[in-house]
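Okay, so here's the structure we're looking at.
The values are calculated or read from the model by the stated rules, or taken from the named source; none is laboratory data. This one's a predicted model, so the numbers in the text were calculated from it and none came from an experiment. Here Cβ is always computed from backbone atoms with ideal geometry, including for glycine, and neighbour counts include all displayed protein chains.
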Amino acid sequence: MLVYVDNNATTCVAREVFEAMVPFLTDQYGNPSSAHPFGKSASKIIVSSRENLAELLGCDADELIFTSCGTESDSTAILSALATQQNRRKIVTTAVEHHAVLKVCKRLQQQGYKVEYLPVDKHGRLNLADVDNAIDDETALVSVMWANNEIGNIYPVERIAEIAHARGALFHTDAVQAVGKVKINLSSTAIDFLSLSGHKLHAPKGVGALYVRRFTPYWSFLTGGHQERGQRAGTENVASIAGLGMAALLAQENMEVEQTYVKGLRDRMEAGLLATCPDPAVNGDIEHRLPNTSSICFKYIEGEAILLRLYQAGGICASSGSACTSGSLEPSHVLRAMGLDYRMLHGSIRFSFSRYNTEQDVDVILEKTPPIIKALREMSPFGH
Ligand SMILES: *Cc1c(COP(=O)(O)O)cnc(C)c1O
């Protein structure tokens, strides 16, 4: 039995996505840059995939560049903003970004750039006055994620983009967790760059995209061939781009399902666990959160122990906020930025749903989890 509730880590490839990819992994292996008709069928699917994605994001197709992943899109946006505005040497970002943004910023600091990490409150929320104060005439880029992968918080990126522009800074958002889960209409925003990743929305791993607003200055660290209209060198991952195009179409069709069915599963599970587990607490901003994500803190116990038992008991795949680094359990930087007590940091579990989850999945979680939490609390030195 498998109860997969770790969809913020990665998602299953949709059947339709797989089928859309097969021709480009078999017969239609042409290079889209080739002049002969055989190559042209590969270049056609790239055009239509780009149109599907543009439809999902409410932008123009020629504002989208296909990349290899969300990480590449994040790096490209950040490095582009610095390369095109060499008189501005500061980045404003948040303490709760994904490592794909944070580690790039850390590296840039070592190279002499200034980076300001905006703090969050105990619910993981930003204070817009802090954002306003942090952005100055030296700021090249403000980078704030649309939705947080660990706690699901949705940030007011449209407002923040306007604040950034008022100071002459560019604005980037890591929307890897938002695309396909919340409605996005880029044409009515001031956002300059938006990153997304295929494998978080039922396309395969190893494909992503970067939105670059028309007239936003752009530079890519990848140079070489003329692919992507000279904006991202490297022969296109045609099959995966075909998959991402289909995933965008499916996401568009299922947008309501996220807010109704997926949210319903999440809410029923959350209410059930809150009612049956000792001393639980929900992490994050309950009012402004992704419909699929629930991060729950079980005080005084180790998340890793909970995860192991959840898997043994019911094939339940969830995630803890801790990343096991070199044998030591390092608590999540997101929960730490929220100032969570150390006894709460370690016992936080993230459940993240998708439209492929079922009511039975929730039943299994609600049956298996409470006894595990109770047993582990019995064993905990603080727990009773
Ligand atoms: C998964 C994720 C990324 C990285 O995307 P990849 O395609 O795996 O490189 C970046 N940001 C957020 C918020 C993510 O959840």
* **Selection within region 8-34 - away from the ligand (no atom under 16 Å from the Cβ) and not in a loop (DSSP other than H, G, I, E, B)** => Arg15, Glu16, Phe18, Glu19, Ala20, Met21, Val22, Pro23, Phe24, Leu25
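Out of the residues in region 57-91 that are out of contact with any strand residue (DSSP E or B) (no Cβ under 7 Å at 6 or more places or on another chain) and part of a helix (DSSP H, G or I), which is farthest from the ligand (Cβ to nearest atom)?
From region 57-91, those out of contact with any strand residue (DSSP E or B) (no Cβ under 7 Å at 6 or more places or on another chain) are 58, 60-62, 71, 75, 79-80, 83-84, 86-87; that's our starting set.
Right, trim to part of a helix (DSSP H, G or I) and you get 61-62, 71, 75, 79-80, 83.
On the way: Ala61: 21, Asp62: 23, Thr71: 3, Ser75: 10, Leu79: 15, Ser80: 17, Ala83: 21 Å.
Here the residue is Asp62.
Kindly indicate the residue of region 201-215 that is within 11 Å of the ligand (Cβ to nearest atom) and closer than 17 Å to Leu249 by Cα and also surrounded by the fewest Cβ atoms within 10 Å (Cβ to Cβ) among those meeting that condition. Please lay out each step first, then the result.
Applying the first criterion (within 11 Å of the ligand (Cβ to nearest atom)) to region 201-215 yields 201, 203-209.
With closer than 17 Å to Leu249 by Cα added as a condition, the list becomes 201, 203-204, 207-209.
Working: Leu201: 25, Ala203: 32, Pro204: 19, Val207: 27, Gly208: 28, Ala209: 28.
Residue satisfying both the conditions and the ranking: Pro204.
Please determine whether any residue of region 33-44 is outside the structural domain of Pro331 (by TED's automatic domain parsing) and closer than 30 Å to Ser188 by Cα.
Initial filter on region 33-44 (outside the structural domain of Pro331 (by TED's automatic domain parsing)): 33-44.
Of the ones still in play, those that are also closer than 30 Å to Ser188 by Cα are 43-44.
Checking region 33-44: at least one residue is outside the structural domain of Pro331 (by TED's automatic domain parsing) and closer than 30 Å to Ser188 by Cα.
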* Identify, from the list Phe38, Phe66, the residue that is buried (at least 21 other Cβ atoms within 10 Å of the Cβ), within 28 Å of Glu236 (Cα to Cα) and over 16 Å from the mean Cα position of the chain (by Cα). => Phe66
* Asked: Which members of region 151-170 meet the condition of being more than 16 Å from the ligand (Cβ to nearest atom) and assigned to a strand (DSSP E or B)?
  -> Leu170
* Looking only at region 259-273, which residues are surrounded by fewer than 21 Cβ atoms within 10 Å (Cβ to Cβ), of a type outside the set (S, T, N, Q) and touching a residue at least 12 places away in the same chain (Cβ under 8 Å)? -> Tyr261, Lys263, Arg268, Glu270, Gly272
* Counting just the residues of region 183-200 that are within 11 Å of the ligand (Cβ to nearest atom) and touching a Lys or Arg at 6+ places or on another chain (Cβ under 8 Å), which one comes out farthest from His165 (Cα to Cα)? -> His199
* Sort through Leu222, Leu194 and tell me the only one that's of a type outside the set (D, E, K, R) and over 20 Å from Cys59 (Cα atoms). => Leu222
* Asked: Looking at region 99-110, is at least one residue modelled with pLDDT of 95 or more, crowded, with 16+ Cβ neighbours inside 10 Å and either in contact with a Gly (Cβ under 9 Å, 6 or more places away or on another chain) or not in a helix (DSSP H, G or I) (or both)?
  -> yes
